[in-house]
Amino acid sequence: MKSLIIFFYFIFSSLIVVHAQERKNFNFIITVNKEFVSTCTPTCIYLLKDNGEKTNVDISYYPGNLSIEEEGYEKILSFEGKIGLIYSSYEKVNGKECYNTYDIPLEIQIFKCGYVILEIYNLEDKRFKKLYYSFEGKNYIYDLQVDGSIVKNFTRKEIKKLKRKGLLKIITKNGRKELLLTS
């Protein structure tokens with residue numbers, strides 16, 4: 001009986017190891033309004049071709065780890081088109097519970113990095129609405145930090161200061177407002 005239990009233990013252990021090897025794990029942290037995301041509702045990475053065809057890649061997330069099946073990871077690395085992360089959550093904004101969905105564009109290089117920190121700011125929250133401005137017309141903005149490189153939004157104060165000094169222009173490109181740093 002004891003040898004049978006040991007046999008099943010080794011079989012079960014090897015199945016767990018094989019299953020774990022079928023996933024690609026990333027050091028990935030998501031914060032919303034400066035709070036760590038501890039739970040994640042259905043989330044996916046989407047692949048969008050130029051012709052509008054969209055494919056979803058299932059992922060799982062828990063604080064500090066984003067996990068993708070090996071097959072999905074290979075699709076991402078070989079994909080040519082737009083890649084994005086869809087993240088949805090229940091959160092408190094100005095004292096009220098609400099459900100929000102965030103669409104964050106990603107680059108393939110992110111999946112080759114050691115770590116990613118994604119900070120999302122919901123502009124419906126009074127604290128961040130006063131601080132930031134969304135040039136894309138969305139009710140949120142995001143900052144992205146990848147292996148020491150940072151994509152960061154300017155605060156409203158920083159934008160005004162740079163405009164006064166003549167170092168910043170706001171241009172409209174393809175119907176979208178963009179910031180242009182000048183020297």
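The values are calculated or read from the model by the stated rules, or taken from the named source; none is laboratory data. Only a predicted model underlies this, so the values are computations on that prediction, with no experimental measurement involved. Neighbour counts run over all protein chains shown; Cβ positions are idealised from the backbone, glycine included. All accessible areas refer to the heavy atoms of the entire protein, side chains included, with ligands and DNA or RNA removed. Shrake-Rupley method; radii C 1.70, N 1.55, O 1.52, S 1.80 Å.
Summary table below
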quantity	calculated
Conditions (1) modelled with pLDDT of 85 or more; (2) among the aromatic types (Phe, Trp, Tyr); (3) open to solvent by 60 Å² or more (accessible area, probe 1.4 Å): number failed by TYR121	(3)
Matching entry among GLY81, GLY95 (being of a type outside the set (Ser, Thr, Tyr), modelled with pLDDT of 85 or more, more than 15 Å from the chain's Cα centre (by Cα) and open to solvent by less than 70 Å² (accessible area, probe 1.4 Å))	GLY81
Scan of region 139-161 for residues that are polar (S, T, N, Q), part of a strand (DSSP E or B) and either surrounded by 12 or more Cβ atoms within 10 Å (Cβ to Cβ) or at pLDDT 85 or above (or both), ordered by number	GLN145, THR155
Options GLU107, GLU70; residue that is out of contact with any Phe, Trp or Tyr (no Cβ under 9 Å at 6 or more places or on another chain) and either crowded, with 18+ Cβ neighbours inside 10 Å or touching a residue at least 40 places away in the same chain (Cβ under 8 Å) (or both)	GLU70
Residue check, GLU136 at pLDDT 70 or above, over 15 Å from ASN33 (Cα atoms) and within 21 Å of the chain's Cα centre (by Cα)	yes
Sole exception among (1) open to solvent by 70 Å² or more (accessible area, probe 1.4 Å); (2) under 19 Å from the mean Cα position of the chain (by Cα); (3) at pLDDT below 90 for ARG127, by number	(2)
